[in-house]
Amino acid sequence: TDQMLDTPTLNYSVLNPLSNGTGAVPSDGNLKFATTAGAVGTMVSTIPMTSGKYYCEVTVTTGSANSAVGIRSVTQASVIGNTLGGQTLDYAYRGNGQKFNSNTKAAYGSAYTTSAVVGIALDLDGGTIKFLNDNSDQGTAYSGISGTFVFAVGDDNAASAFAGTFNFGQSAFTYTPPTGFLALNTA
């Protein structure tokens, strides 16, 4: 059973294969990703967010300390050769538990690995982003966020691998989103 809620008038976000520095083409309706050896880069989603509260989940198939999920500014979305967190307007949560922004890594939460479900809760009205590791709230990672962003995934080590599946709401979330946070779709 792989039924999605998308309709011709209600489209959910997917990963953008045209803005992809991970070395591998996304699959399964552009929801599955996998980095390849030698690739150090980022892939972003298709629907930009300027205001509101949005939630998505990443189910990790293969993870490492160098894995990263988060958001990237649309002004930097074409910079696919840089890892997620390496840009000024990147906000990421790494597999080793660190947060990563403007090429600066800092202690943040618990590490995530294979089989983890990482939730990303972006509040553009309040200017914050937080991450959840298997439904365990890691707390606010960054505040003062403003602009237009897309969800993103990256890997910052050519020797490591990161693979998984995004869920922007086109199927049931594994965990209940935080109160007031919505799936990312055209509605």
Pairs only if they're at least six apart or on different chains, beta carbon under 6 angstrom, first in region 104-119 and within 12 Å of V60 (Cα to Cα), second open to solvent by less than 50 Å² (accessible area, probe 1.4 Å) and of a type in the set (S, T, Y); list them, first residue then second. V118/Y112
Determine which single condition N133 fails, assuming it passes every other condition in (1) within 21 Å of A77 (Cα to Cα); (2) modelled with pLDDT of 95 or more. (1)
In region 114-141, how many are over 15 Å from the mean Cα position of the chain (by Cα) and under 18 Å from S160 (Cα atoms)? 2
Scan region 144-162 residue by residue and report those that are open to solvent by 50 Å² or more (accessible area, probe 1.4 Å) and modelled with pLDDT of 95 or more. G144, S146
Which condition does G139 not pass, out of (1) among the small types (G, A, S); (2) surrounded by fewer than 23 Cβ atoms within 10 Å (Cβ to Cβ); (3) within 30 Å of T9 (Cα to Cα), if it passes all the others? (3)
Quick one: would you say T165 is part of a loop (DSSP other than H, G, I, E, B) and surrounded by fewer than 22 Cβ atoms within 10 Å (Cβ to Cβ)? no
Scanning region 1-34 for residues that are among the hydroxyl-bearing types (S, T, Y) and open to solvent by 20 Å² or more (accessible area, probe 1.4 Å), the one modelled with the lowest pLDDT turns out to be T1
In region 142-184, what residues are within 15 Å of the chain's Cα centre (by Cα) and of a type in the set (S, T, N, Q)? T148, T165, N167
In the set G70, G86, G52, which member is touching an Asp or Glu at 6+ places or on another chain (Cβ under 9 Å), modelled with pLDDT of 95 or more and surrounded by 18 or more Cβ atoms within 10 Å (Cβ to Cβ)? G70
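The values are calculated or read from the model by the stated rules, or taken from the named source; none is laboratory data. Note that the coordinates shown come from a computational prediction; the quantities given were computed from them, not determined experimentally. Methodologically, a virtual Cβ is constructed for each residue, glycine included, from the backbone with ideal geometry; neighbour enumeration extends over all protein chains shown. Each accessible area value is taken on the protein alone, full model and side chains, heavy atoms only, with ligands, DNA and RNA left out. Shrake-Rupley method; radii C 1.70, N 1.55, O 1.52, S 1.80 Å.
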